[in-house]
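Undergrad: Handing you this structure, nothing more for now.
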Number of protein chains: 2
Amino acid sequence: MDNTYHLEQLDRLSGLLAAASRDAAGTIRRVSVALLDVDAAAARAVLAEVAQRRTAHREIDELVPVTLVRQQPVASDLRLVLAGLRMNTDLHRMDVLAAHIAKLVLARHPEQVVPPPVRPLVGAMAETTARIADKSALCLATRDRIDALQLGLDDDELDAQYERLFGALTDAWPHGVQAAIDVAMLGRYYERFADHAVNVARRVAYLVGGDMARGVL
Amino acid sequence: MDNTYHLEQLDRLSGLLAAASRDAAGTIRRVSVALLDVDAAAARAVLAEVAQRRTAHREIDELVPVTLVRQQPVASDLRLVLAGLRMNTDLHRMDVLAAHIAKLVLARHPEQVVPPPVRPLVGAMAETTARIADKSALCLATRDRIDALQLGLDDDELDAQYERLFGALTDAWPHGVQAAIDVAMLGRYYERFADHAVNVARRVAYLVGGDMARGVL
């Protein structure tokens, strides 16, 4: 087995994952701007970039069995390949969730999805989610386990913001049932997006630490 | 390499996946009964069984790298192992979503989550989802690719039911904002649960067909 080729394939897998992760962080920022600025063109641009990224996700998917058969990696290389398969599923879901937000913008346009009183709360969730995605992408690029563990704090902050958002959606909410459901779904999309980003970072920690119990389902 | 041992590990992996899949189908039926009967004890029983099943999911997770290193499987065996890793993620998410429904029952108890006028719609979604889960479990047990492809029709039916449910949640909805959000979230939980069950069946099709493009992210 040619060792140079071995490294090349694993490097290619790492590179594709890091790029997809950086791209997902950019996408959640852009879709949040589209949401809060009620910008249909920006929402459509997000859908286009997400559709285009499926090619990268497919390439990662196909690289995994090929790498396993050709290189039969063990130890940390094997962990990288297996974690890569699951990170790819997370990264794909992050794209799908960002696309859900873009589609909601388009479905309500030219009306706004987010009524003015809860804009600060939704904006805060968007910002925390983008920060989590940025840190997760950095974890993947630098293989820094500490960052992965610290992400739990950001995720706690996001959970608290999500609860505050739901707290606004009581029977005293004056903007109608459909707007309430839209805002609740938005909250869930951000929360799930961030969960997947945290999963990616945890898989990095598993990669670095080699602790099977941290494999993250 | 001892070939008997090889088969034993792959058989163990298949057996664990098939069992987890059957169990998930049973769980979605039981949590739907808890939901529609407003039965707190049944909801708590669902949370307990889901918590217990984490052990099986962890065992599958740990079996995958061990099998790859010890047996270095190729062709259909390799596909089984890789598909198993992702099916396990799907099966775990199905449990988490069933647990979300159980927690909603407990959070509103002794009040009901589902107002009487939408009970038939929620009941229909619950029934379709359970049917999808049953068929998905059967696909996994029998490795029948045809069933996997037919599941798309059941999923279309569920999507139509989900849309009808959302159609009831307009500004004319008389049961308040919180009940509307609860029902919308319930619809989403069933829809996501079924998506994961369909993913499992599609991974079976990929396993049987060996078509990489059907790998399902």
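The values are calculated or read from the model by the stated rules, or taken from the named source; none is laboratory data. It should be emphasised that the depicted structure is a prediction, and the values quoted were computed from it without experimental measurement. Cβ: placed from backbone, ideal geometry, glycine included. Neighbour counts: every protein chain shown.
Undergrad: Can you run down the residue pairs with Cβ atoms below 6 Å, 6 or more apart or on separate chains, where the first is in the stretch A:49-75 and hydrophobic (A, V, I, L, M, F, W, C) and the partner is surrounded by fewer than 19 Cβ atoms within 10 Å (Cβ to Cβ) and in a loop (DSSP other than H, G, I, E, B)?
TA: Listed pairs, sorted by first residue: A:Val69/B:Val74.
Undergrad: Given (1) touching a Ser or Thr at 6+ places or on another chain (Cβ under 9 Å); (2) within 14 Å of chain B (Cβ to nearest Cβ), identify the lone condition not met by A:Arg93.
TA: (1)
Undergrad: Out of B:Arg93, B:Arg131, B:Arg108, which single residue is free of Cβ contacts under 8 Å to residues at least 40 places away in the same chain, under 25 Å from B:Arg164 (Cβ atoms) and crowded, with 16+ Cβ neighbours inside 10 Å?
TA: B:Arg131
Undergrad: Within the stretch A:169-186, track down each residue that is in a helix (DSSP H, G or I) and either facing chain B (nearest Cβ under 10 Å) or surrounded by fewer than 18 Cβ atoms within 10 Å (Cβ to Cβ) (or both).
TA: A:Val177, A:Gln178, A:Ala179, A:Ala180, A:Ile181, A:Asp182, A:Val183, A:Ala184, A:Met185
Undergrad: Take A:Pro65 and tell me if it is assigned to a loop (DSSP other than H, G, I, E, B) and either within 11 Å of another protein chain (Cβ to nearest Cβ) or closer than 16 Å to A:Leu10 by Cα (or both).
TA: The answer is no for A:Pro65.
Undergrad: If you go through the stretch A:149-166 one residue at a time, do you hit one that is in contact (Cβ under 8 Å) with a residue 60 or more places away in the chain and within 14 Å of chain B (Cβ to nearest Cβ)?
TA: For the stretch A:149-166, residues in contact (Cβ under 8 Å) with a residue 60 or more places away in the chain and within 14 Å of chain B (Cβ to nearest Cβ): absent.
Undergrad: Here is a list: A:Asp95, A:Asp90, A:Asp77. Which entry is of a type outside the set (A, V, I, L, M, F, W, C), under 14 Å from B:Arg86 (Cβ atoms) and part of a helix (DSSP H, G or I)?
TA: Every option except A:Asp90 fails the conditions.
Undergrad: With respect to A:Ala83, determine if the residue is modelled with pLDDT under 95 and small (Gly, Ala, Ser).
TA: Yes: the conditions hold for A:Ala83.
Undergrad: Taking A:Ala160 as the residue in question, decide whether it is assigned to a helix (DSSP H, G or I), in contact with a helix residue (DSSP H, G or I) (Cβ under 6 Å, 6 or more places away or on another chain) and either crowded, with 20+ Cβ neighbours inside 10 Å or aliphatic (A, V, I, L, M) (or both).
TA: For A:Ala160, the condition - assigned to a helix (DSSP H, G or I), in contact with a helix residue (DSSP H, G or I) (Cβ under 6 Å, 6 or more places away or on another chain) and either crowded, with 20+ Cβ neighbours inside 10 Å or aliphatic (A, V, I, L, M) (or both) - is not met.
Undergrad: Name the residues in the stretch B:34-62 that are within 11 Å of chain A (Cβ to nearest Cβ), over 18 Å from B:Asp11 (Cβ atoms) and either surrounded by fewer than 16 Cβ atoms within 10 Å (Cβ to Cβ) or of a type in the set (A, V, I, L, M, F, W, C) (or both), would you?
TA: Of everything in the stretch B:34-62, just one residue is within 11 Å of chain A (Cβ to nearest Cβ), over 18 Å from B:Asp11 (Cβ atoms) and either surrounded by fewer than 16 Cβ atoms within 10 Å (Cβ to Cβ) or of a type in the set (A, V, I, L, M, F, W, C) (or both), namely B:Arg54.
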